[in-house]
Amino acid sequence: MNNDFLWWRDGVIYQIYPRSFADSNGDGVGDLPGITARLDYLAELGIDAIWLSPFYPSPQADFGYDVSDYKNVDPLFGTLADFDTLVAEAHRRGIRVVVDLVLNHTSDQHPWFLESRSSRDNPKRDWYLWRQKPNNWHSIFGGRGWEWDAKTGEYYFHMFLKQQPDVNWRNPEVRREMLDVFRFWAERGVDGFRLDVFNAYFKHPDFPNNPRKPGFALRSFDRQQHIYDIDQPEMYPLLKEIRALLDAYPERYAVGETFLATPERAASYCGSDKLHAAFNFDFLFRKFSATDFAEGIRLWEAAIGENGWPNYVLSNHDQPRSATRYTKGEDDARAKVVLGLLLTLRGTPFLYYGEEIGMRDITLTRHEIQDPPGKYYWPFYKGRDGCRSPMQWDESPYAGFSTVKPWLPVHPNHLRRNVKTQRNDPGSLFHFVRTLLALRKQQPALLRGAFRFLQVADAEVLAYERVLEGERIWVYLNFSAQEKTVSLPGQARSLFSSHGEESRIFREVLNMHPYEVSIVHG
């Protein structure tokens, strides 16, 4: 059995967008007590950790990614006592807790920034990036990255909204304060940290202009090569400092959101004296194709190397859900294929809330859009609201998420697509995911085994091997709507099939149904 389980390496991490998971007090917005009330569901599903998107005090200009206090809970989501209860109850069920740290910028209502902009000689003036003359850097959310402050007669830089001024990580006092944020939450029992756009912490000290990028892009931000406003060399010593801090606590973890990074750049931030992991978002942009996903795996495996530990993600709070991208109508066959891939590769899988029941993005009219970049770039880009709709628990008017109209509309398909319905359907996506999560825990080779592609004659079948101490598991994924026959490396026994045909013995060939996920023991 598996006696060497390390939660962040071998487990599955489940991302929760707190506004949209469960509303306990009937205000239409999800909260921490709502999450606590649903922990039994998460334990039943079989995940190992939850990652909470920001719940800190915030004016909510960017729905919590504009933090005004790093060491508290916004009343919208509850209290610090509610957070402590959530951690304690999660731990009681064997579920670890990862929190989001947004340390590249604060809210413009953070006390630090209020002081910084109060006068040019304020002691906290240098805590942010002020210039008399702006360079050509832009905001990813639209427009120039420099905002004029009439009171002090200078510009401040914001990579995102003007309400999100970037902090000056070169200031030792800022560095000290930010590192203390890690300690604060670690002392409260937090097990891990997801670092928002961490590779943008440092900007070039001389603020040179970014060179133009050839070709056309809708966003002015994308018309530049981001040489001077992200990925500065000072990031590496800082990561060593963060890692040393975390290593002082047992089994603490840090994963970075690598902003605009290649697999090679993301991998460069990982290591025994750096981050435990960094996101490579390649899968978010892959076509539904065995060869296309295989290319993404090759690139990430090559970048991270045998001694590194990859992670994989198909959905998150910033991109369309995997079921929206890959499925047709309400058929979940393709969703099973990509989730079968996610949960059997070498590396840590991240599931996005509702992905286990195949939630689709909602469609909004222009006046319903709340996401700032969606408003700015309409109609060319409609923002991130679509993937942030309320969790679909049951068929009631507000899907069991709330007793009142939620902050975003519930998807109309919740009448059929919800946790309650899928729990009662053995062939549902929920049971598919739950069974795979249980299988992972039973088969150490699926958790820590080495990875190797298997050669198959059909380009529409993706096949690979996981090996640990002589145990061999072969995974076959049929990306086609056609039946397929593939040759096996040897005799095998079925461990799992998305078509419910376990306990079969295969000698030379595997006959696959359309869109079948088949896992066999070699």
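The values are calculated or read from the model by the stated rules, or taken from the named source; none is laboratory data. Source: prediction; values computed, not measured. Glycine also receives a Cβ, built like all others from the backbone with ideal geometry; neighbour counts cover every protein chain displayed.
Of note:
- Qualifying residue in the stretch 303-315 (condition: assigned by TED's automatic domain parsing to the domain that holds VAL197, aromatic (Phe, Trp, Tyr) and closer than 22 Å to LEU45 by Cβ): yes
- Of all residues in the stretch 131-154, those satisfying the criterion of being basic (Lys, Arg) and over 12 Å from ARG120 (Cα atoms) are LYS133, ARG144.
The rows are residues; the columns are (1) modelled with pLDDT under 95; (2) closer than 16 Å to GLY340 by Cα; (3) among the charged types (D, E, K, R); (4) not in a loop (DSSP other than H, G, I, E, B).
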residue	(1), (2), (3), (4)
VAL433	no, yes, no, yes
ALA459	no, no, no, no
LEU477	no, yes, no, yes
ARG493	yes, no, yes, yes
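- Conditions (1) assigned by TED's automatic domain parsing to the domain that holds GLY11; (2) closer than 23 Å to ILE35 by Cα; (3) buried (at least 19 other Cβ atoms within 10 Å of the Cβ): number failed by HIS431: (3)
Residue-wise test of (1) surrounded by fewer than 16 Cβ atoms within 10 Å (Cβ to Cβ); (2) touching a strand residue (DSSP E or B) at 6+ places or on another chain (Cβ under 8 Å); (3) under 30 Å from PHE5 (Cα atoms).
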position	(1), (2), (3)
GLY374	no, no, no
ARG388	no, no, no
PRO426	yes, no, yes
ARG440	no, no, yes
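- Pair list, Cβ under 6 Å, 6 or more apart: the stretch 386-398 residue outside any loop (DSSP other than H, G, I, E, B), other residue β-branched (Val, Ile, Thr) and at pLDDT 95 or above: GLY386/ILE362
- Residue match in the stretch 112-128 (condition: surrounded by fewer than 16 Cβ atoms within 10 Å (Cβ to Cβ), in the same structural domain as ALA278 (by TED's automatic domain parsing) and either touching a residue at least 24 places away in the same chain (Cβ under 8 Å) or in contact with a Ser or Thr (Cβ under 7 Å, 6 or more places away or on another chain) (or both)): no
- Subset of the stretch 144-177 [among the small types (Gly, Ala, Ser) and exposed (fewer than 15 other Cβ atoms within 10 Å of the Cβ)]: ALA150, GLY153
- The single residue among ALA457, ALA445, ALA463 that is under 18 Å from VAL12 (Cβ atoms) and not assigned by TED's automatic domain parsing to the domain that holds ARG334 turns out to be ALA445.
- Qualifying residue in the stretch 90-99 (condition: out of contact with any Gly (no Cβ under 6 Å at 6 or more places or on another chain), within 22 Å of ARG175 (Cα to Cα) and assigned to a strand (DSSP E or B)): yes
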